[in-house]
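Quick notes on the structure that follows.
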Amino acid sequence: MFAQARMQRQILLFPWLAVLLWSLAAPAPAQVITEYDIPTKSSLPFAVTPGPDGALWFTEVHGNKIGRITTAGAITEYRIPTPDSKPIWIVAGPDGALWFTEMAGNNIGRITTLGSFTEYPLPTASSDPWDIISGPGNLLWFTEHGDGFTIGSITTDGTFADYPVPLPPWDLGAGPDGAIWYTEWVSNKVARMTTAGVVTNQYTVPTPDSNPNVIITGPDQLMWFTEYAGDKLASLTTSGVIIEYLVPTPDSEPGNIIGGPDGALWFTEHAGNRIGRMTLAGAFTEYLVPTPASAPMVVEPGSDGALWFTEYYGNKIGRITTP
């Protein structure tokens, strides 16, 4: 129940009226945004990732499918074998396949670029796998939001390892120091774990109750993360120095963050209904998504030099050009 409540906190937004009012605020000078409707209605697209085939691959939480969209906008959908598995995050693996978490299915899933599935049941029941990355050791690393406090890894042939951690992990990223860095949503910290599973540091975020969310290594080799409730982006050195940057739109709920092909940081604003861009010097630009209250969830660079993003409630895949 605890994990389910946290999932709802992540993806359920403020009331529709408030979101719509934010969306009506004057946007920044617009980049070109194109939106593509997903064939399955109310599919709730969550994560998107660039695939080794040049297309973008995405999860459909309610549709129980993995989707593929070409840079020309053609969508193909593949139904996951486990019913109602609730696929969440997806990433390209070191083996040329796509790997994803099945939160309700309690599996780590694998799909080839031809649409063939393999599912690996987690050793522990009700692990609720959430985030997944391709990380050190040619392994897939993932967080578990179940009753235990665990980060897991899986080899490309399906061998699992579990690493208990002191506090509940949320999202994770591969650090420039070869370690795994992860956010602690409830505890308001960012932690570092070696690939042997030793947690060496836990750093408290300066803003109280900020809900640190997605974490990545940025173009400047610093760790960067979003603060969902704190309404900020933050940088973090490997020695623990945190600098925070306030997002211009109030209560925007920044979600995913990624380094763009232009050398800037790009992020989603779940409640702000915007795609944000911040230079490494801290200068913000925000771009309003055309569909009102679409809840942009995850943004990732495509092979075409643009940024692609999911619209959770808009049931679309969006594309935004870079400056």
Margin query: Translational diffusion coefficient of the chain at 25 °C, 0.890 mPa s, Stokes-Einstein with Kirkwood Rh over Cα pairs, in µm²/s as a whole number.
Written below: 127 µm²/s
Next item on the list: Of the options 238, 249, 181, report the single residue whose Cα projects farthest towards the positive end of the charge dipole of the chain (beta-carbon charges: Lys, Arg +1; Asp, Glu -1).
Entry: 249
Next item on the list: Grab the DSSP H runs of the chain that are 4 residues or longer, score each as -39,500 (n - 2.57), total them, divide by all residues and round the 222 nm result to the nearest 500 deg cm²/dmol.
Entry: -1500 deg cm²/dmol
Check: Over 21 Å between Cα atoms, which of 41/86; 189/316; 65/189; 86/189 qualify?
Finding: 189/316; 65/189; 86/189
Checklist line | Dipole of the chain, positive direction: furthest Cα of 123, 294, 98, with charges on the beta-carbon | finding: 294
Margin query: Per residue of the stretch 155-165, what does 6.51 cos²θ - 1.76 cosθ + 1.60 with θ = phi - 60° give for ³J(HN,Hα)? Whole Hz please, x for Gly and Pro, Karplus curve as stated.
Written below: 7, 6, 9, x, 8, 9, 9, 10, 10, x, 10
Checklist line | Average Cα contact separation per residue, the chain, under 8 Å, 6 or more apart, as relative contact order % | finding: 16 percent
Checklist line | Residue with peak Gaussian network fluctuation, the chain [Cα springs, cutoff 10 Å], from 234, 283, 306 | finding: 283
Notebook entry, point to check: Which residue fluctuates the most in the chain, going by a Gaussian network model with Cα springs under 10 Å, if the choices are 242, 66, 132?
Noted result: 242
Margin query: Just want to confirm a number: the relative contact order over the stretch 253-323, from Cα pairs under 8 angstrom separated by 6+ residues, in percent.
Written below: 25 percent
Margin query: Let's see if you can work this out: charge +1 on each Lys and Arg Cβ, -1 on each Asp and Glu Cβ, no other charges. What is the dipole magnitude of the stretch 149-305 about its Cα centre, in debye to the nearest 20?
Written below: 200 debye
Next item on the list: Tally up the carbon and sulfur contribution to the accessible surface of the stretch 257-323 as a whole percent, 1.4 Å probe, everything protein left in place.
Entry: 53 percent
Item checked: Potential extension, residue 72-residue 186 segment - 0.36 nm per residue separation minus Cα distance -> 37.0 nm
Check: Among 174, 74, 229, whose mean-square fluctuation peaks in a Gaussian network model of the chain (Cα, cutoff 10 Å)?
Finding: 74
Item checked: Positive-end residue, the chain charge dipole about Cα centroid, Cβ charges, pick of 151, 107, 85 -> 85
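The values are calculated or read from the model by the stated rules, or taken from the named source; none is laboratory data. Treat the numbers as computed from the prediction; the structure is a model and nothing was measured. With ideal geometry, Cβ positions are generated from the backbone for all residues, glycine too; neighbour counts draw on all protein chains shown. Heads up: the accessible areas ignore ligands, DNA and RNA and are worked out on the full protein's heavy atoms, side chains in. Shrake-Rupley method; radii C 1.70, N 1.55, O 1.52, S 1.80 Å.
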